[in-house]
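Bear in mind these aren't lab numbers, they're just calculated from the coordinates by the rules spelled out. Computed from a prediction, not measured in an experiment: that's the story for all the values here. Please note: Cβ atoms are built from the backbone with ideal geometry, for glycine as well, and neighbour counts cover all protein chains shown.
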Amino acid sequence: MKSFTIAIHGGAGTISPESMTADKERLYLQGLEQALHAGHQILSEGGSAMDAVSAAVVQLEDCPLFNAGRGSVFTHEGLHEMDAAIMDGNSGNAGAVAGVQGVRNPVLLARLVMDKTEHVMLHGKGAEELARLHHLPFETPEYFFDAYRYEQLQSIRHTENTQLDHSKDKKFGTVGAVALDQQGNLAAATSTGGMTNKRFSRIGDSPIIGAGTYAANHTCAVSCTGHGEYFIRSVVAYDVSCLMEYKGLTLEEACQKVVMEKLLKTGGEGGLIAVDKSGIPQLVFNSEGMYRGYRVNSEKPVVAIYK
Ligand code: ASP
């Protein structure tokens with residue numbers, strides 16, 4: 001059997017054991033395990049990396065603990081505006097949506113953009129129209145309501161500040177997955193509610209191909225999490241790929257250089273997950289922690305939160 005790999009993240013930031021209860025920690029790890037399982041099952045049966053990253057991200061979007069889909073943070077106006085992207089390393093095709101409301105699984109809408117339109121990125125009402133056209137499920141505001149997240153908003157609503165998910169324990173929320181399938185194809189997907197109290201239709205790095213999400217079979221697949229503005233300016237995901245393509249760096253070297261040197265220099269906090277043809281995943285972050293997990297072939301799944 002050819003080798004295959006799935007890696008996922010559920011956000012990075014100042015996540016310390018002190019900021020966590022045993023119960024909460026168990027739930028987070030469980031959420032990660034379920035997502036890993038969803039992706040792994042597809043890969044082990046010979047399914048595509050695209051299907052695996054979609055399935056893993058859907059699981060994370062449906063879990064209220066993570067800032068994407070159901071668990072998305074509140075905007076200044078008390079809404080949920082979600083961003084997502086997916087990229088196929090084999091064909092180089094990509095789809096993305098920004099600022100969509102009510103869509104249960106934005107990653108599936110990003111995939112529709114790729115599969116059913118000639119475009120790469122749709123936003124707001126137009127993207128929602130495409131979702132309706134293809135009968136993607138929508139949910140009511142109650143589905144997306146979370147008391148903890150609402151409190152996060154109330155605490156900074158009167159300010160001009162935006163806040164990454166759980167700024168008190170400073171967790172960056174976003175979810176993502178990268179995969180290598182048995183056919184040797186790579187794929188990446190990312191989905192997020194963005195930042196608490198965001199205004200003016202702010203869009204982060206997650207749906208921007210090359211910034212928060214990127215995949216190319218000849219280099220790697222990458223999904224990022226962290227302070228989006230820094231990741232956009234540094235074109236993080238594509239930078240990892242370029243260092244491999246043009247400078248001959250290994251995936252590990254490229255990830256270390258981008259996250260631990262280049263991003264840090266600009267003040268960009270966060271991390272990324274990545275995989276290349278070797279199937280050995282990289283899960284790199286310059287913050288205190290990152291919700292993350294991976295599974296290579298049928299080896300034991302690994303999930304972790306802290307450094
Ligand atoms: N990168 C996301 C954004 O800026 C947030 C995050 O990863 O926590 O929208």
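Quick notes on this one:
- Karplus-derived 3J(HN,Hα), 6.51/-1.76/1.60, for each residue of the range 225-238, Hz, glycine and proline x: 8, x, 5, x, 4, 5, 5, 5, 4, 8, 6, 4, 5, 6
- Distance from the range 42-97 to the range 211-245 (C-alpha centre basis), Å: 16
- Cβ-based net charge around Ile42, under 9 Å, with every Lys or Arg adding one and every Asp or Glu removing one: -3
- Cβ-to-Cβ counts within 10 Å put Cys224, Cys255, Cys242 in ascending order as Cys242, Cys255, Cys224, the fewest first.
- A cut-off under 13 angstrom between Cβ atoms defines the neighbours of Ala189, and their net charge, with Lys, Arg +1 and Asp, Glu -1, is -3.
- When only Cα pairs below 8 angstrom with a gap of at least 6 residues are kept, the range 251-307 shows a relative contact order of 27 percent.
- The range 1-125: relative contact order in percent, alpha carbon pairs under 8 Å with at least 6 residues between: 17
- Peptides ranked, highest mean first, by Cβ atoms within 10 Å: ranges 289-302, 256-269: 289-302, 256-269
- Sorted fewest first by neighbouring Cβ atoms within 10 angstrom, Ile15, Ile280 come out as Ile280, Ile15.
- Computed over the Cα atoms of the range 60-186, pair by distinct pair, the Kirkwood hydrodynamic radius stands at 15.5 angstrom.
- Other residues lying with their Cβ under 11 Å from the Cβ of Leu180 contribute a combined charge of 0, Lys and Arg counting +1, Asp and Glu -1.
- Legend: P(r) of the range 1-120 from all alpha carbon pair distances, 5 Å bins from 0, whole percents, reading 2, 11, 18, 20, 19, 15, 9, 4, 2, 0, 0.
- Charged-residue dipole, Cβ positions (Lys, Arg, Asp, Glu), the chain about Cα centre, Debye nearest 20: 300
- For the range 164-307, the Cα-based Rg and Dmax, in that order, read 14.4, 45 Å.
- Principal semi-axes of the equivalent ellipsoid, √(5λ) from the alpha carbon gyration tensor of the chain, are 26, 22, 19 Å from largest down.
- Largest GNM mean-square fluctuation among Ser54, Ser72, Ser44, using the chain with Cα springs under 10 Å: Ser44.
- Backbone HN-Hα couplings from phi across the range 296-307 [Karplus 6.51/-1.76/1.60, Hz, Gly and Pro as x]: 9, 6, 9, 5, 5, x, 10, 10, 7, 10, 8, 4
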